[in-house]
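To start, the structure itself, in structure tokens.
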Amino acid sequence: MAPVQRHGYELLVGAPRVLVTGATGLLGRAVCREFHSAGWTVIGTGYRRARPRLLRCDLTDEDAVRGLLHEYKPDVIVHCAAERRPDVMERHTEAAVNLNVHATSTLAKEAATCGALFLYISTDYVFDGRNPPYGEDDSPNPLNVYGRSKLEGERETLRHCPGAVVLRVPVLFGEVESVTESVVTSLYLKVQEASEESCTLDHVLQRFPTDARDVAAVCRKLSERARQDPSIRGIFHFSGKEQMTKYEMAVAIAQAFNLPSSHLIPLTEQPAASALRPINSQLNCSRLELLNLSVEPRPFTSAIIDCLWPFTPDKRWRQTVFH
């Protein structure tokens, strides 16, 4: 296939094209890598964090979105861009809703117009956490602005683009650019405070930490199947299988890196935060599994070592442990 250059992008003639929004983020980067390794032409977009080889696009600008899709004509759009920090959303609701709802609505409309498959990334926070595990058809009842905005994004997606795919996922971690990029990897900083005073960590909210690389593989499998089979549409769930509180994650990280954890103290009362969070929003992922569209999630310990070893004081730690 002969490559065609456009705005610095090498578009392979005949290769399927995927447009990835939020391509500078943790999940967006993983999705770009996954599709690229499978032979797709990948067009990534960013805005505030746009960088070389990514297209700068304000997704809240309808004309800009329309022009982008008209120029690049993607076969698939994976919409990863979102404000996904619940506490930030409580304070900056309007801007976050513009991205999570209005930009999603615009993309869904334009995807339907241009005939692209639209894959919208949503969250387990659409549920209240009182009666897990949750199937795709269970009634959502979000507790915070973030969950409500993502649920509204789902509804806009399916209203404007009935053939779209919605993929709900829980808290993500992965190949981070900084330790603080994920709430999961940021626990490494708490683990490293061993020489200082004790550190309390939530031991109430049940989480299912999920590697972004696994989510990216599911996005690719869904996209490839949905392009061939129009019955692949609607809502799907994917999640890691290990149930852990923040305290349990931090202890697991300490054990993985042979670090002390005695300074970590479990907090057994609901932590004070500006945004309510579900106690346990475990997702039932059987729909993906029955269609053979899932992947076996990476075990938490090996995945977190993979993600955090570049941030260890001795970056050769990985080789000394495994060889």
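Rule-based calculations on the coordinates, nothing more; no lab input. Quantities reported herein were computed from a predicted structural model and do not represent experimental measurements. When we count neighbours, we look across all protein chains shown, and the Cβ atoms used for this are built from the backbone with ideal geometry, even at glycine.
Note on residue 243 and residue 37: the extension gain reaches 71.1 nm, defined as 0.36 nm multiplied by sequence separation minus the Cα-Cα distance. For the pair the range 61-90 / the range 231-262, the C-alpha centres are spaced 28 Å from each other. Around the Cα centre of the chain, unit charges on the Cβ atoms of Lys, Arg, Asp and Glu (plus for the first two, minus for the last two) sum to a dipole of about 760 debye. Among the GluC sites (Glu not before Pro) found in the range 161-202, those both in a DSSP coil and sparsely packed, with 11 or fewer other Cβ atoms within 10 Å of their Cβ, are 196, 197.
Springs between alpha-carbon pairs under 10 angstrom, Gaussian network model over the chain: which of 44, 14, 135 fluctuates most? With Cα springs under 10 Å in the chain, the top fluctuation among 44, 14, 135 is at 14.
Maximal additional length on extending the residue 312-residue 15 stretch stands at 103.0 nm, based on 0.36 nm per residue less the C-alpha distance. Among 185, 104, 312, whose mean-square fluctuation peaks in a Gaussian network model of the chain (Cα, cutoff 10 Å)? Among 185, 104, 312, the largest GNM mean-square fluctuation belongs to 312.
Build a GNM of the chain with springs between Cα atoms under 10 Å apart, and of 61, 202, 137 the one that fluctuates most is 137. Each label was represented as a point 7 Å from its Cα along the Cα-to-Cβ direction; for residue 179 and residue 268 these points are 2.9 nm apart. Modelled spin-label separation between residue 200 and residue 63, with each label point placed 7 Å from Cα along the Cα-to-Cβ direction: 5.3 nm.
Put simply, the amide H of residue 204, placed in the peptide plane, has neighbours under 5 Å in 246, leaving out anything fewer than 5 places away on its chain. On full extension, the segment bounded by residue 90 and residue 228 gains 45.6 nm, given 0.36 nm per residue less the C-alpha separation. For the chain, the 222 nm mean residue ellipticity estimated from helices alone, with every DSSP H stretch of n ≥ 4 adding -39500 (n - 2.57) and the total spread over all residues, rounds to -10000 deg cm²/dmol.
Take every DSSP beta bridge whose two residues both sit in the chain, then give the antiparallel share in percent to the nearest 5. DSSP beta bridges in the chain are roughly 15 percent antiparallel.
In this rough spin-label picture, where each label sits 7 Å from Cα along the Cβ direction, the residue 279-residue 296 distance is 3.4 nm. Quick one: Debye curve from the C-alpha atoms of the chain, no solvent, what's log10 I(q)/I(0) at q = 0.07, 0.08, 0.12, 0.16 Å⁻¹? These q points yield log10 I(q)/I(0) values of -0.28, -0.37, -0.84, -1.41. Counting lysine pairs in the chain whose alpha carbons fall under 20 angstrom apart, excluding pairs fewer than 8 residues apart on the same chain, gives 5.
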